[in-house]
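What follows draws every value from the coordinates through simple rules; no lab data is involved. As the structure is a prediction and not an experimental result, all values here were calculated from the model. Cβ: placed from backbone, ideal geometry, glycine included. Neighbour counts: every protein chain shown.
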Protein chains: 2
Amino acid sequence: MMRLLVFLACFLSSVCVHAQHPLAFATREDYAGVRSQLGRSLLLNGSFTEIKKQVDPWLGRDIDVPTPKDPAGGYTHEQHKSNYTLLFNSGLLFNLTGDSRYADLVRRVLLKYAQLNPGLGNHPQATSSSPGRIFWQALNDANWLVYMGMAYDAVYNAIPPADRQTIEDGAFRPEVEFMTRDLKSWFDLIHNHGVWACAGVGIVGIATNNADYLDMALYGTDKKGTSGFLAQLNGLFSPDGYYTEGPYYVRYAILPFYVFANALSHARPALNIFGYRGQILRKALEAGLQQTNTDGRFLPINDALKEKDYTSNEIVTAIDIAWAAYGPNEGLLSVARRQNRVTLSKGGAAIAAALDAKKAPTSYPYRSVEYTDGAKGEEGGVSILRAGKGSDLTTVVFKYASHGLSHGHYDQLGFSLFDKGAEIFTDYGSVRFIGIEQKFGGRYLPENKSYAAQTIAHNTLVVDEKSQFDGREEEAEKYHGEKLFSGLGTGNVQAVSARDDHAYPDVRLQRSLYLVVLPAGRKMVIDLFRAQSQTVHQYDQAFPYSGQLINTSFRYQPSTSTQKPVGAKNGYQYLWKEAEARVGDTVAQVSFLNGRSFYTVSTLVSDSAQVFLARTGANDPNFNLRREPSVIIRRRGVSPTILNVIELHGSFDPIGELATSSYPAVSGMRLLVDNADVTVAEITVGKDVLLIAQRNVATEASAPQEALVNGKMVSWKGGFGVWVNGKVR
Amino acid sequence: MMRLLVFLACFLSSVCVHAQHPLAFATREDYAGVRSQLGRSLLLNGSFTEIKKQVDPWLGRDIDVPTPKDPAGGYTHEQHKSNYTLLFNSGLLFNLTGDSRYADLVRRVLLKYAQLNPGLGNHPQATSSSPGRIFWQALNDANWLVYMGMAYDAVYNAIPPADRQTIEDGAFRPEVEFMTRDLKSWFDLIHNHGVWACAGVGIVGIATNNADYLDMALYGTDKKGTSGFLAQLNGLFSPDGYYTEGPYYVRYAILPFYVFANALSHARPALNIFGYRGQILRKALEAGLQQTNTDGRFLPINDALKEKDYTSNEIVTAIDIAWAAYGPNEGLLSVARRQNRVTLSKGGAAIAAALDAKKAPTSYPYRSVEYTDGAKGEEGGVSILRAGKGSDLTTVVFKYASHGLSHGHYDQLGFSLFDKGAEIFTDYGSVRFIGIEQKFGGRYLPENKSYAAQTIAHNTLVVDEKSQFDGREEEAEKYHGEKLFSGLGTGNVQAVSARDDHAYPDVRLQRSLYLVVLPAGRKMVIDLFRAQSQTVHQYDQAFPYSGQLINTSFRYQPSTSTQKPVGAKNGYQYLWKEAEARVGDTVAQVSFLNGRSFYTVSTLVSDSAQVFLARTGANDPNFNLRREPSVIIRRRGVSPTILNVIELHGSFDPIGELATSSYPAVSGMRLLVDNADVTVAEITVGKDVLLIAQRNVATEASAPQEALVNGKMVSWKGGFGVWVNGKVR
């Protein structure tokens, strides 16, 4: 009888999307499947109990829906956040237990919002260009729509029609109209905020049987398809799944993508959303996971909180949905094992069963990968070179992608290195204490733009102490790096080379990174950085690192009793100058210790250079920055070719009181050839002589190359060749 | 026949100690027991295989015994170190496998030393007052004697008598005579170096059947018993097992104590060495383990490398011997589980069997403990207050012991705090990179004395910017703190109070620490520091901490573009002044984040004070110091009573993007009574009012006390009383 009524109501309504509920997070059949497995799986049961523990104390109790007032971290912010989580979970429990008290909780709270929302103007703490109403920024309001939409859908059948009307008109409509009218241009943006907004409006559309909402979500407010969810799927990922804002933000954006796709797969199955664009959502998730370190943390490309790892709620949800949509996958299983919780969904139940049935791999199957950037894959990309296994994995990250929208950093041709689980050559990440009210309400701090995003905070070249693109986002967004060649895989030599012609007005940059494993097993990264100009410039290369300085091959002037910043602007003002050196005609070396391993940077100084040992913390009145060291090597010249070698060497055992191979092995470095076409470098490492030859222009991988080196012809194929003691490595 | 020959040789020798070998590390019967269990235990087998893997490649190969040349970390140093380990292990394997190649390896190398040692003078890198010959310091030579003595003893029966003579005269005698004649006064010192020296000479005595050596080891070079091993057992431990140099050094000293005691238990069973002084060696090991953090690291009292934990080789050996000597023990088993290896000994085999048979506890049974210092237990002590369980354990460390000999720090009444596995209010530890040649050969660095040992590097009072005892060891060693009262246990209030009358010429210090768990579960430490003088002084209290500054309750002047040291000497010169504030008539609060928890120091400023936010790193030309923050609160006055509250509060979840209770709850602090007899303090924490009353003179625990507080009589028993909202807590 109920069903008939629903059917009739739907039939009579012109805005009916699909008569059946629940649909948004899971269907009736999905819930039946979860229910049937609840008793059988410890992990699934654990997640169920966990949620029950959170929700049950609130059954029958009054739940506060306060007038919005506080910024992130403050009471009203956290209360509204916890409300949408509570209601979503309560909706789940209603479907899994049949206990109407869970449905009633959702109803009661949504009725309160139906009272609150129609009267809301912009949030009093709103500072962003996309202000929120319930929260300080619209993004959080979109989160609210996603979860409240799913909560409402989950208990739809248990809410009397009159209350439904009240809720739909009072709680949801003002928020949807706010997003699609007041914030129309924000809603229509191809950007992670836009994805949340579309997912929120779309899910509310599904929950409230409102095809208008759903169509705006799918095709943009004008329903033409140039914006909206499908346009976002087209525009925010490269063909191989790279998310233009970087892995930290795909972690965030993946949730609305997956949650809305999941809802669409029930509500609009004909869309075949999971097959869309060659399974772009599968590729996006896999690319996001490949862009994590062995501890599960996301590689800090662009704005990134370094504490974030793949155990976050978003990735739990995405993995569970992906498992149901795309089928079992060993990599996902290894991640699920570390997450140690599942959602109460079809995929969650299936993963729990798989984890019960078999041993999951202990590590995600990391490999060397590269991703193109840009909707068409024509806007540069990111290469990740990897060598070693398990806890001994070494990861080189190289960025020559597009800027990364508003969260982008000015770090074209930037490099970072992870080894033995730790970040060794670092990217600062972002300056933010998310959720901590005392730190600007948990928002991005001013030093995020003024330091963390600046070029000097990264390992790349800073020309004339200015950041790339003069630190202007609108300029940076016009361009991207371009790959010249690469050779990835599992061999003893992996390489990638890319160029950038726009970061500085009259300097063209080209950088090549080689990850080499020597015959005795020692790993090193050879870094060939070429700058081409017509005029004299100052070229600074920073090596921000994590560790304790052990030794330098040169004398320096330490700042013992007074300390001043390295520079005055563009991020330099945040760096204390701890020491300064002038070096000439040498291989300058700096060794440091990280955990139980040594690392040495060797740089060839053919004429002269300055070296600064620096540390963040200057001009930081609010103590927003961590104190982290950096080595900055400064050269003056027209078109320097900079040759660096980074050695990963030795071990320190403070328990056994033993250090082995604490000295670098590189003893000589020479540039043998360096012209517009070819560069050849020679590096002496202990008794081995390493020779690297590369093409400086784009080259077919199979094209035969040759160069006259010390009167002898050396030949190779494609972009590069590497020899050890005359033998191809 | 062989046995008969040995017996006869022994009979004819006037210096025969005991005819049978092996004896030093294990007896023939012990080895038989280990052998019989080898096949049965995975852990034991693992340790056996590990050793075999290290030794086997050297069987039949030439082993270098180089002329001593290099400091610690250098080639000859490491080679001689690895030689004694190799020989010791080879001796073990000979007894476990019967393979004569292992015995031959020991013989061959010892014959090389028999060539080398007689010609050695002081080591060319010797800088200490106790120079070594094989190594830069005599301590390492003593290590050599311990292991080489055990190795020789292990293969004694397999070495032809002529070679024995050569080895005993050439390899051992020069070293023994060097120690007992040239370094006589060092050998006779009651100090950890002396323990190693006695163990080395004594074990060589047992191995070479030389009663003279053994008697010197036991009773000192003059054999009168005022020095030597037994005097060390009497003098280096307090009656309850506290080792006067602190836990880091007991970790080191425990090895020769246990190894020599183990040898004595075989060679001189009548001594009943393990029962000596009420089982002092059992107490010493247990005290050492109680003085670790939950991660197994030793509490950094005095010179301490913070990386050292109880998985170090010394503790593995000691635990295995203790298990055999004193019987099974759950605490030792939990440690053995984390060590995950055993020695190939009777105790090692028994622990391996125990670990195979049952689940070991996951954590050492940490509890609140206090230890007296001094041979008679009359030289102050150390109190450790603990609350919470497992990973939520909070540990307060309070030192009022004697100075700690040459490794002592000037930190009478010093405090540190560990929470949730991390060190929160820190002790710098020692400035040393052990084993790393580039860092002064791995030795203590100059900043160890000039910074780490100074008072300002610790949380206690610095008067007039001078270290306690003016930083003079000979002065500091004359005195110790004195406990006034304490109340430990598992309750909601634990307390300890101690005084010091000598650290500063005209200032008497008294400090009380209360670890309080409030009704809602919030933990806090209340710190009442009283200074009594006749004249005006400057009183600085430092709070070195680990974490990121989150907020202060007061405005400060940050050092944005220039940074200068906080002071000029006594350790102050190493602290950059990051910010400075003047505060008056307030409760000044500083909050910081460590990991996922917040901590706040609140200090009552009744008149005025200066606050410095400081960080180590100034005047550190060689980058020997880690960069660590400190809050320094400076007061001027005659006899201030300083009231601080440290709150442990809230949680930060960067994955869930949520911070809870990030603000301190302390809103008011008052000193209601403060005189020579009694201090009463009131602290308002949220809605709770906490009252603390204490006696400022030594008091019987049961003696009734009372004080007039705001016109009302408050009464308690013994040293202190604590009330929450008027109810005894």
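On the beta carbon distance between A:LYS389 and A:ASP356, with R0 = 30 Å, the FRET formula returns roughly 0.65.
This model, with +1 at the C-beta of Lys and Arg and -1 at the C-beta of Asp and Glu, gives chain A a dipole about its Cα centre of some 1160 debye. Rounded to 0.05, the FRET efficiency of the B:LYS687 and B:SER661 pair, given R0 = 22 Å and the Cβ-Cβ distance, is 0.95.
Applying the Kirkwood pairwise sum to the alpha-carbon positions of the range B:640-729 produces a hydrodynamic radius of 14.8 angstrom.
Remark: mean inter-chain Cβ contacts per residue of B:555-564 equal 5, using a 10 Å Cβ-Cβ cutoff to other protein chain atoms. Other residues whose C-beta falls under 14 angstrom from the C-beta of A:GLY595 contribute a net charge of -2, scoring Lys and Arg +1 and Asp and Glu -1.
For each pair in B:LYS376/B:LYS439; A:LYS283/A:LYS399; B:LYS283/B:LYS346; A:LYS359/A:LYS399, compute the distance between the two Cα atoms and list the pairs where it is over 31 Å. With Cα atoms farther than 31 Å apart: B:LYS376/B:LYS439; A:LYS359/A:LYS399. Within the set of other residues whose C-beta is less than 15 Å from the C-beta of B:VAL516, count the net charge using Lys and Arg as +1 and Asp and Glu as -1. Summing Lys/Arg as +1 and Asp/Glu as -1 gives 0.
Here the relative contact order of chain B, from alpha carbon pairs under 8 Å that lie six or more residues apart, stands at 8 percent. Panel order for A:TYR400, B:TYR539, by other beta carbons found within 10 Å of each beta carbon, from fewest to most: B:TYR539, A:TYR400. Between B:LYS712 and B:ALA676, the C-beta separation translates, for a Förster distance of 30 Å, into a calculated FRET efficiency of about 0.90. Label-to-label distance for A:VAL697 and B:ARG582 is 7.0 nm, based on points extended 7 Å past Cα in the beta-carbon direction. For the range B:649-729, the list of chymotrypsin sites (Phe, Trp or Tyr not before Pro) that fall in a loop by DSSP and count at most 14 other C-beta atoms within 10 angstrom is empty. Per residue of B:616-628, other chain Cβ atoms within 10 Å of the residue Cβ number 5 on average. Per-residue Cβ neighbour counts within 10 Å put B:ILE351, A:ILE434 in the sequence A:ILE434, B:ILE351, beginning with the fewest. Note on B:SER553 and A:ARG181: the model spin-label points, each 7 Å out from Cα along the C-beta direction, lie 4.9 nm apart.
For the range B:16-357, the square roots a ≥ b ≥ c of the C-alpha gyration tensor eigenvalues yield an a/c under 1.5, which makes the shape rounded. Taking Lys and Arg as +1 and Asp and Glu as -1, the other residues whose beta-carbon sits under 10 Å from that of B:GLY719 total +2. Dimensions of the protein assembly as shown along the principal axes, based on C-alpha atoms and rounded to the nearest Å, stand at 116, 101, 64, largest first. For the range A:65-225, a/c is not less than 1.5, where a ≥ b ≥ c are the root eigenvalues of the C-alpha gyration tensor, and a/b does not top b/c. That puts it in the oblate class. Under a model in which nothing but the beta-carbon of Lys, Arg (+1) and Asp, Glu (-1) is charged, the protein assembly as shown shows a dipole of about 1740 debye around its Cα centre.
How would the range B:454-593 be classified by its alpha-carbon gyration tensor: rounded, prolate or oblate, with rounded meaning a/c under 1.5 and the a/b versus b/c comparison settling the rest? Oblate, since a/c reaches 1.5 and b/c is not below a/b. Dipole orientation for the range A:65-225: of the candidates A:SER129, A:MET216, A:ALA72, A:ALA72 has the Cα lying most toward the positive pole (charges on Cβ; Lys, Arg +1; Asp, Glu -1). Note on chain A: helix-only mean residue ellipticity at 222 nm, from DSSP H runs of 4+ residues weighted -39500 (n - 2.57) and normalised by residue number, equals -9500 deg cm²/dmol. The modelled label-to-label distance between B:ASN313 and A:ARG636, using points 7 Å beyond Cα along the C-beta direction, is 5.4 nm. Counting Cα-Cα pairs of the range A:584-635 in 5 Å increments starting at 0 gives whole-percent bin shares of 5, 16, 21, 19, 15, 14, 8, 3, 0.
Of the peptides A:276-288, B:594-606, the order by per-residue mean of other Cβ atoms within 10 Å, starting with the highest, comes out as B:594-606, A:276-288.
Shielding by partners for peptide A:648-657, expressed as the average number of C-beta atoms from other protein chains within 10 Å of each residue's C-beta, is 5. Max-minus-min Cα coordinates of chain A on each principal axis give 92, 55, 52 Å, with the largest extent listed first.
Charges were assigned to the Cβ only: +1 to each Lys and Arg, -1 to each Asp and Glu. The resulting dipole of the range B:372-660 about its Cα centre is roughly 340 debye.
By the count of neighbouring beta-carbon atoms within 10 Å, fewest first, A:ARG61, A:ARG133 end up ordered A:ARG61, A:ARG133. On a C-alpha basis, how far is the centre of the range A:219-277 from the centre of the range B:403-421 in Å? Whole number, if you could? Between the Cα centre of the range A:219-277 and that of the range B:403-421, the gap is 58 Å.
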